[in-house]
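The values are calculated or read from the model by the stated rules, or taken from the named source; none is laboratory data. None of these values were measured; they are calculated from a predicted model. Glycine gets a Cβ as well: all are built from the backbone with ideal geometry, and neighbour counts include every protein chain shown.
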Amino acid sequence: MTLERATGPFPGLDLEHPSAARVYDFLLGGTTNWAIDRGFAKRAIEKMPIVRVLAKTNREFIQRAAVFCAQRGFKQFLDLGSGIPTAGNVHEIVDTICPDARVVYVDFEPVAVAHSRLLLEEHGDPERHTVIHENLLDARAVWETAVSTGVLDPGKPLAVLAGAVLHFVLKPDVHDALQSYRELMVPGSALALTHVVEEGVPEPELSQIREFIELYQKSSTPVTFRTRDEIRSFYGDFAFESCGLAWLPEWLPDIYESPAIATLHGNPARSCVVGGLALKPEPAGLED
Ligand SMILES: C[S@@+](CC[C@H](N)C(=O)[O-])C[C@H]1O[C@@H](n2cnc3c(N)ncnc32)[C@H](O)[C@@H]1O
């Protein structure tokens, strides 16, 4: 699905509702947000004082997943729901490990796409980095557009990242979309994602995250909790690496600087978000 183009500096910009991309930007300390987003984020912080830590913890997971993949030789990344650029974007991190790595960012929020484009024009390499304006639910369109940029080679393994985005996709067809991505990826490819959960979250964070999510129901991007089993099903038959689907602070905390984790005072379930990375297996009968 190609998103509708409008006029103006940010085609399709909705300033009537807070957006997930801009609220997250504010929570991370960025400046690409409007009064409506800041008002929303401040209400969220009132309800859940550690919400900024949670945003940073999520960001740090995506950075560690990117490092994990780059250290294992992955040279291609598809970042779904990539958000507004902030310090330590995926291409900046993987470039330090693998200077010829390629990254395609995907987001459906016009400001996120416009800012990603600006960042990449100034600091990226057009042959290796790009952003596309797509809804991740249309996996075929995302894939075809990403491949048509010339940045990704669909015949080689790639890492698909989906940080804190799938809980914004309420429709049941998110499962079909994930299945399509898994089918399109060649064996050896990786899928890393994070998702908010209720199970196992201690008080007072459980009540607070419920109130935070309730706030989102009035935004342009409502949020849903899913169970761990449902989140695991997003990986299909992919094989989990490391500690499986884990609280974010427990997932390879030492492979990249992750200062937010320490502020959760040794109780990883306070992060309210789980994440994991899994690899697509070789087709049955082809293993040596
Ligand atoms: C909370 S931010 C996460 C940013 C980044 N992935 C991270 O983990 O740091 C969620 C992003 O997902 C985007 N998003 C939400 N639903 C989407 C969809 N259906 N297709 C593409 N992007 C989407 C939002 O615009 C926002 O930029």
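Cβ-Cβ under 7 Å, sequence separation 6+ or interchain: first residue in region 46-59 and under 25 Å from Leu277 (Cβ atoms) and of a type in the set (A, V, I, L, M), partner more than 10 Å from the ligand (Cβ to nearest atom) and assigned to a loop (DSSP other than H, G, I, E, B). Which pairs? Cβ pairs passing all conditions: Val53/Thr263; Val53/Leu264; Leu54/Cys272. Filter region 191-223 for residues that are polar (S, T, N, Q), modelled with pLDDT of 95 or more and touching a Phe, Trp or Tyr at 6+ places or on another chain (Cβ under 9 Å) and give the result. If the condition is that a residue be polar (S, T, N, Q), modelled with pLDDT of 95 or more and touching a Phe, Trp or Tyr at 6+ places or on another chain (Cβ under 9 Å), then Thr194 is the only one that fits.
Filtering region 14-57 to residues that are within 13 Å of the ligand (Cβ to nearest atom), surrounded by fewer than 20 Cβ atoms within 10 Å (Cβ to Cβ) and among the acidic types (Asp, Glu) leaves only Asp14. Within region 183-230, restricting attention to residues that are touching a Gly at 6+ places or on another chain (Cβ under 8 Å) and within 16 Å of the ligand (Cβ to nearest atom), the residue that is farthest from Lys156 (Cα to Cα) is His195. Among Asp138, Asp176, which is the only one that is closer than 30 Å to Glu214 by Cα and more than 11 Å from the ligand (Cβ to nearest atom)? Selected residue: Asp176, the only one of Asp138, Asp176 that is closer than 30 Å to Glu214 by Cα and more than 11 Å from the ligand (Cβ to nearest atom).
Comparison of Asp153, Asp125, Asp100 shows that the only residue that is under 21 Å from Leu279 (Cβ atoms), over 15 Å from the mean Cα position of the chain (by Cα), more than 9 Å from the ligand (Cβ to nearest atom) and not in a helix (DSSP H, G or I) is Asp153. Tell me which residues, restricted to region 80-96, are within 11 Å of the ligand (Cβ to nearest atom) and part of a helix (DSSP H, G or I). Result: Val90, single match. Within region 224-260, the only residue that satisfies the criterion of being touching a strand residue (DSSP E or B) at 6+ places or on another chain (Cβ under 7 Å) and of a type in the set (Val, Ile, Thr) is Ile231. For the residues Val113, Val106, the requirement of being assigned to a helix (DSSP H, G or I), among the hydrophobic types (A, V, I, L, M, F, W, C), under 22 Å from His133 (Cβ atoms) and within 12 Å of the ligand (Cβ to nearest atom) singles out Val113.
Please note which helices (runs of 4 or more DSSP H) are completely contained in region 159-268 and include at least 3 residues that are closer than 25 Å to Val94 by Cβ. Reasoning before the result, please.
Working: elements: 174-184, 205-216, 228-233, 259-262.
Per the criteria, 174-184, 259-262.
Condition check for Gly73 on (1) more than 25 Å from Gln217 (Cβ to Cβ); (2) more than 12 Å from the ligand (Cβ to nearest atom); (3) in a helix (DSSP H, G or I): one failure, at (3). Contact map, region 139-158: first residue farther than 10 Å from Leu184 by Cβ, second residue polar (S, T, N, Q) and surrounded by 15 or more Cβ atoms within 10 Å (Cβ to Cβ), Cβ cut-off under 7 Å, separation 6 or more or different chains; pairs are Thr149/Thr130; Val151/Thr130; Leu152/Gln76; Asp153/Gln76; Lys156/Gln76; Pro157/Ser189. Looking only at residues of region 81-120 that are modelled with pLDDT of 95 or more and acidic (Asp, Glu), we find that the one that is nearest to Val160 (Cα to Cα) is Asp107.
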